[in-house]
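Here's the structure, in structure tokens; my notes come after.
The values are calculated or read from the model by the stated rules, or taken from the named source; none is laboratory data. Everything numeric here is computed off the predicted structure, so don't read it as measured data. Positions of Cβ are generated from backbone atoms using ideal geometry, with glycine treated the same way; all protein chains shown enter the neighbour counts. Side chains are part of the model used for accessible areas, which takes the heavy atoms of the whole protein and leaves out ligands, DNA and RNA. Shrake-Rupley method; radii C 1.70, N 1.55, O 1.52, S 1.80 Å.
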Amino acid sequence: MQPHPYSRRSFLATAAGAAIGLALKPVFGESQDLATLTLKEASELLRRKAASPMDLTLACLKRIETYNPSLNAFITVTRDQAMEAARVMEAEQRKGKWRGPLHGIPIALKDNIDTAGIRTTAASELFKDRVPSEDAEVVRRLKNAGAIFLGKTNLHEFAYGGSSSVSYFGPVHNPWALDRIPGGSSGGSAAATAAALCFGSLGTDTAGSVRIPASYCGIVGFKPTYGRVSNRGVVPLSWTLDHVGPLCRTVEDAALMLGVIAGFDELDPSTVETPTHDYSSAFKMQASKLRLGIPRTRFFDALDPEIAKAVDAAIGVLRKLTATIGEITLPSASIRIDEIFARVRSVESYAYHSPWIAESPEKYQAATRERIIRNSAGITAPAYAQARRELDLLRREVRQVFATVDLLVMPTMPRPPVEIAQAADPTAVSIRNTVPFDVFGLPAMSVPCGFTTSGLPIGLQLVGAPFAETTVLALAHAYEQETEWHKRHPPLTPA
């Protein structure tokens, strides 16, 4: 059965949505489209039975069919499984069973997150036929919440890079400018979400791989505190630094997804047994009581002028919304943060890949293979152990910063996305502003805060104290309510 543009039910659902005040605005030059709703709007529509999970799934599949050939955001589209799941969720909907805000919501998963019975490739020839027997913990939680999986999204091979151009399945294209990178490594998830091929997606973040593509694609990307979300069942880049987080079109949507995937997993030693929250309660917090810190050193150095201007304007908005805002310095040990990061990531990555690097080196993209081997060369066991200890100390020391401020504010990226043709340059994507918060393990979010004159998105990064996801969400939502950046849509045309 092929997806179709609009059934009679879909038409009626759209009309009903308008009647209850949902904003079904034209996008990409098309007529109203259910897939362009926010996750929260779509959930409310389902809750009122003004649309069905099948309507939403068909709308997303149609957009995938139309736009994915240009974006290359998906590696695998699980059409049949999505349709079957939609039927099940629709049957539950008719019976009045409601699993929560993700019931019947079509989403996408980065293709390094295991899915039982569906291949998980990590964008590598090595894993091109790999079919896991079990779901990752985050997938299990999403299924239990009623989410519908549309497929697996493209990424930078094994998440080892920030462009999403190095992939066995070809490069991902930025929906705002198809000749540009979307960022990485979760580039397919970000591109699919920005282009409304899904209502939200999951990515992973080891050096910025959720926040970088969120910034470059003009959406929200949220890396929670290390230990807040299970990594079990995710192909690792670095066990000590990996985080799983949502990519969505609004802050509220990110809160809804985080609320499902967050929580202790007794089978994952990286998770922490600390209470989770109703993250939507963040939107009742008063931003006017928040104290903001601006770490000028490092994070504001050598910014692209248009990014500097947009971030200054965003800080001006935040200044009016919050109690205080002033400059602050991060822990002195952070001057070694890049070295600590490099040693930990390189050794742990090599530890995972060493059997395959020895047996099947030709099945890696050349750039990935060379990075895995080169980056780990010369790092001794004592050097790794020392870096690992320093990382743990940093994660404790950074808590002191939040004795005087509640949140940190800075640009997500120092420069706009480069052309895909330039992506091979190792300096093409800077992780300077994102990697410290993987090392610190702090919750960090990128939200849209402007555009360059050529129409490329700009991101603002907000960082909170350990396990203070609610505070990050509160400020991000307050800022989003004061601005219009998140309401812009990429000017895509069918392939």
Calculated diffusion of the chain, Stokes-Einstein form, Kirkwood radius summed over Cα pairs, 4 °C and 1.567 mPa s, µm²/s: 58 µm²/s
Residue-count net charge about ALA214 - beta-carbon cut-off 11 Å; Lys, Arg +1, Asp, Glu -1: +2
Phi to ³J(HN,Hα) by Karplus 6.51 cos²θ - 1.76 cosθ + 1.60 over region 131-148, Hz, x for Gly, Pro: 10, x, 8, 10, 6, 4, 4, 5, 5, 4, 5, 5, 4, 4, 7, x, 5, 10
Size of charge dipole - the chain - debye, nearest 20, with Cβ of Lys, Arg +1 and Asp, Glu -1, no other charges: 880 debye
Karplus-derived 3J(HN,Hα), 6.51/-1.76/1.60, for each residue of region 267-279, Hz, glycine and proline x: 8, 10, x, 7, 7, 10, 7, 10, x, 8, 9, 7, 5
Region 159-316, accessible area per residue, ligands and nucleic acids excluded (1.4 Å, Å²): 28 Å²
Two-site FRET efficiency, ALA424 against PHE264, from Cβ-Cβ distance with R₀ of 51 Å, rounded to 0.05: 0.80
Filter on LYS110/LYS143; LYS40/LYS284; LYS128/LYS363; LYS49/LYS143; LYS320/LYS487; LYS223/LYS487 - keep pairs with C-alpha separation over 18 Å: LYS49/LYS143; LYS320/LYS487; LYS223/LYS487
Of all accessible heavy-atom area on region 284-347, the percent that carbon and sulfur account for (1.4 Å): 54 percent
Residue among TRP239, THR206, THR274 farthest towards the positive dipole end of region 191-342, charges placed on Cβ: THR274
For THR153, distant residues with modelled amide H under 5 Å away: ILE75, LEU109, LYS110, ASP111
Under Karplus coefficients 6.51, -1.76 and 1.60, residue-wise ³J(HN,Hα) of region 179-190 in Hz, glycine/proline x: 8, 9, 6, x, x, x, 8, 8, x, x, 4, 5
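I need the peptides 45-55, 177-187, 378-388 ranked by packing, meaning the mean over residues of other C-beta atoms within 10 angstrom, with the highest value on top.
Per-residue Cβ counts within 10 Å, averaged per peptide and sorted highest first, yield 177-187, 45-55, 378-388.
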Local electrostatic count, THR452, Cβ distance below 9 Å [Lys/Arg +1, Asp/Glu -1]: -2
Point-to-point label distance, ALA308-ASP129, nm (Cα→Cβ direction, 7 Å offset): 5.5 nm
5 angstrom amide H check on THR115, placed H, neighbours 5+ away: ALA136
Gain on full stretching of the segment that runs from ALA91 to ARG48 - 0.36 nm per residue minus C-alpha separation: 14.0 nm
Euclidean distance of C-alpha centroids, region 66-122 and region 308-345, integer Å: 36 Å
Estimated dipole of region 184-342 in Debye, rounded to 20 [Cβ of Lys and Arg +1, of Asp and Glu -1, Cα centre]: 560 debye
Built amide H within the under 5 Å cut-off of LEU460, gap 5+: THR412, VAL447, CYS449
Solvent-accessible heavy-atom area per residue, rounded to whole Å², over region 379-495 at 1.4 Å: 39 Å²
Peptides 317-328, 69-80, 455-466 ordered by average Cβ neighbours within 10 Å, highest first: 455-466, 69-80, 317-328
Prolate/oblate/rounded call for region 337-495, Cα gyration tensor, a/c under 1.5 rounded: oblate
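Are there GluC sites (Glu not before Pro) in region 86-171 that DSSP puts in a loop and that have at most 14 other Cβ atoms within 10 Å, and which ones? List each step's numbers first, then the result.
Values: sites: GLU90, GLU92, GLU125, GLU134, GLU137, GLU157; in loops: GLU134.
Answer in residue order: GLU134.
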Extent along principal axes [Cα atoms of region 174-284; Å; largest to smallest]: 43, 36, 18
Accessible carbon and sulfur surface of region 152-249 relative to its total accessible area, %, 1.4 Å: 60 percent
Rounded accessible area per residue of region 82-142, 1.4 Å, Å²: 37 Å²
Under 15 Å from the LYS284 label point (7 Å along Cα→beta-carbon), backbone N, region 463-495: 470-471, 474
Packing rank of 207-216, 160-169, 392-401, where each peptide gets the mean count of other beta carbons within 10 Å, highest leading: 207-216, 160-169, 392-401
